[in-house]
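The values are calculated or read from the model by the stated rules, or taken from the named source; none is laboratory data. Fair warning: this is a prediction, and the values are worked out from it, not measured in the lab. Cβ: placed from backbone, ideal geometry, glycine included. Neighbour counts: every protein chain shown.
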Amino acid sequence: MRSLFEKQDSLNAPIETFDFDSSVIPLPVKLHWHYFAEFIYMLKGSALVTCDDTEYIVNAGELITIPPSSVHSIFPANDSVPHFVGVKFDPGKFPNTTSYAPSVGDIFRYACANGMRIHFSAPLADELRCREIFRDCIGETAGFLFGRDVMLRAHVYRLIYGMFRLWIDEGLDIGSCPVRSEEIFGIENVTEYIDSCLEDNVRVADIAEKCHMSYSSFAAKFREQYGMSCKEYIERMRIYKAEEYLLFTDHDLNYISQQTGFSDCSHFIRNFRKYRGVTPKQFRLQKKLAKP
């Protein structure tokens, strides 16, 4: 079973663009996550985009933002053949010009914690100049003209801060966004390690030791970074991996519980119901009945 983590080459490619025509490359884009933020702009058709525990129907002319470290997937919707373009970028490579202002990553985390929209209607996407910006991003990526990197960054900056301004207009108090130290304490990278050993009996104390931190300090920093405890994060990642087994294999629940790190089948069923509101068998049946 593949890892949900999708590694990005932040050093050599801090910005990635893509043009996804599902008539050529079939959907779905299965559940995955990465440290990059992602913008997806729908050119034609409709897509069902899942982001963490929420589903969005994104129609032609609309924009959806995938915050960093969010587990997401893309499926066709309404029997359409969606065509969309996207930009992925490392928020850490888009610094503010003022030392007192919160970083791009901080603003993303703060906005998500405050429930700001990530799905933008066609009129709002037009206000953000999405069609123009995505066209220029794709063009800069395809061409090898002088200053390509600078121009590409400029286009992405326009989209990032245009969205931030919309959030501010909708009530986000940017003055209350915490400005964090540049020191990450290994928290940004430790989730990659967690994702790689979900099938093992990984303990929070061992993870803290891997970050060279005390248990209490690690627990506090992890919650600050991800908005949940490390234990809850592990449980959620195990549920996501279990969903893939349920959707794409015929393995029984005992096997799935072993492969996703639950102590036994009862523990797996109990936790799955806790996060999804149904048992694994009910989830598998519902998804099979929903298929055309």
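So, in the range 146-204, how many residues would count as being exposed (fewer than 11 other Cβ atoms within 10 Å of the Cβ), modelled with pLDDT of 95 or more and farther than 17 Å from Leu124 by Cα?
1
Would you check which residues across the range 191-225 are aliphatic (A, V, I, L, M), assigned to a helix (DSSP H, G or I) and touching a Lys or Arg at 6+ places or on another chain (Cβ under 8 Å) and list them?
Residue satisfying the conditions is Val204 alone.
Under 6 Å by Cβ, and 6 or more places apart or on different chains, what pairs join a residue from the range 51-66 that is under 20 Å from Phe164 (Cβ atoms) with one that is of a type in the set (D, E, K, R) and assigned to a strand (DSSP E or B)?
These pairs meet every condition: Ile66/Glu38.
Select, from Cys112, Cys137, the only residue that is part of a helix (DSSP H, G or I), within 19 Å of Leu63 (Cα to Cα) and either among the aliphatic types (A, V, I, L, M) or within 20 Å of the chain's Cα centre (by Cα) (or both).
Cys112
In the list Ser229, Ser214, which residue meets the criterion of being at pLDDT 90 or above, under 22 Å from the mean Cα position of the chain (by Cα) and not assigned by TED's automatic domain parsing to the domain that holds Val104?
Ser229
Going through Phe120, Phe108 one at a time, which residue ends up being touching an Asp or Glu at 6+ places or on another chain (Cβ under 8 Å), in contact (Cβ under 8 Å) with a residue 40 or more places away in the chain and of a type outside the set (Lys, Arg)?
Going through Phe120, Phe108 in turn, just one is touching an Asp or Glu at 6+ places or on another chain (Cβ under 8 Å), in contact (Cβ under 8 Å) with a residue 40 or more places away in the chain and of a type outside the set (Lys, Arg): Phe120.
For the range 253-265, give me each residue that is assigned to a helix (DSSP H, G or I) and surrounded by 17 or more Cβ atoms within 10 Å (Cβ to Cβ).
Answer for the range 253-265, where residues must be assigned to a helix (DSSP H, G or I) and surrounded by 17 or more Cβ atoms within 10 Å (Cβ to Cβ): Leu253, Ile256, Ser257, Gln259.
Give just the number: which of (1) of a type outside the set (A, V, I, L, M, F, W, C); (2) assigned to a helix (DSSP H, G or I); (3) more than 22 Å from Val71 (Cβ to Cβ) does Asp250 not satisfy?
(2)
Any idea which of Tyr245, Tyr255 is of a type in the set (Phe, Trp, Tyr) and farther than 25 Å from His72 by Cβ?
Unique residue meeting the criteria: Tyr255.
Return the only residue of Phe20, Phe39 being buried (at least 20 other Cβ atoms within 10 Å of the Cβ), in the same structural domain as Met163 (by TED's automatic domain parsing) and in a strand (DSSP E or B).
Being buried (at least 20 other Cβ atoms within 10 Å of the Cβ), in the same structural domain as Met163 (by TED's automatic domain parsing) and in a strand (DSSP E or B) holds for just one of Phe20, Phe39, which is Phe39.
Which residues, counting only those in the range 42-62, are assigned to a strand (DSSP E or B) and within 15 Å of the chain's Cα centre (by Cα)?
Once the filter is applied, which keeps residues that are assigned to a strand (DSSP E or B) and within 15 Å of the chain's Cα centre (by Cα), the range 42-62 yields Leu48, Val49, Thr50, Cys51, Thr54, Glu55, Tyr56.
Please work out which one of (1) surrounded by fewer than 14 Cβ atoms within 10 Å (Cβ to Cβ); (2) part of a helix (DSSP H, G or I) is the condition Tyr275 fails and give its number.
It is condition (1) that Tyr275 fails.
Looking for whichever is in contact with a helix residue (DSSP H, G or I) (Cβ under 7 Å, 6 or more places away or on another chain) and hydrophobic (A, V, I, L, M, F, W, C) here; the options are Val81, Val87. Which one fits?
Sole residue among the options that is in contact with a helix residue (DSSP H, G or I) (Cβ under 7 Å, 6 or more places away or on another chain) and hydrophobic (A, V, I, L, M, F, W, C): Val87.
Name the residue that is surrounded by the most Cβ atoms within 10 Å (Cβ to Cβ), counting only residues in the range 75-109 that are of a type in the set (Asp, Glu) and in a loop (DSSP other than H, G, I, E, B).
Asp90
Of all residues in the range 205-252, which are among the small types (Gly, Ala, Ser), crowded, with 20+ Cβ neighbours inside 10 Å and farther than 19 Å from His34 by Cα?
Listed by number, the list holds a single entry, Ala208.
Given the conditions (1) in contact with a helix residue (DSSP H, G or I) (Cβ under 6 Å, 6 or more places away or on another chain); (2) of a type outside the set (Val, Ile, Thr); (3) without any contact (Cβ under 8 Å) to a residue 24 or more places away in the chain, report the number of the one that Phe5 does not fulfil.
Status for Phe5: all satisfied but (3).
Whether any residue in the range 126-140 is among the β-branched types (Val, Ile, Thr) and farther than 22 Å from Trp33 by Cβ is what I want to check.
So far as the range 126-140 goes, yes, one or more of its residues are among the β-branched types (Val, Ile, Thr) and farther than 22 Å from Trp33 by Cβ.
Mind checking whether some residue in the range 240-259 is modelled with pLDDT of 90 or more and small (Gly, Ala, Ser)?
yes
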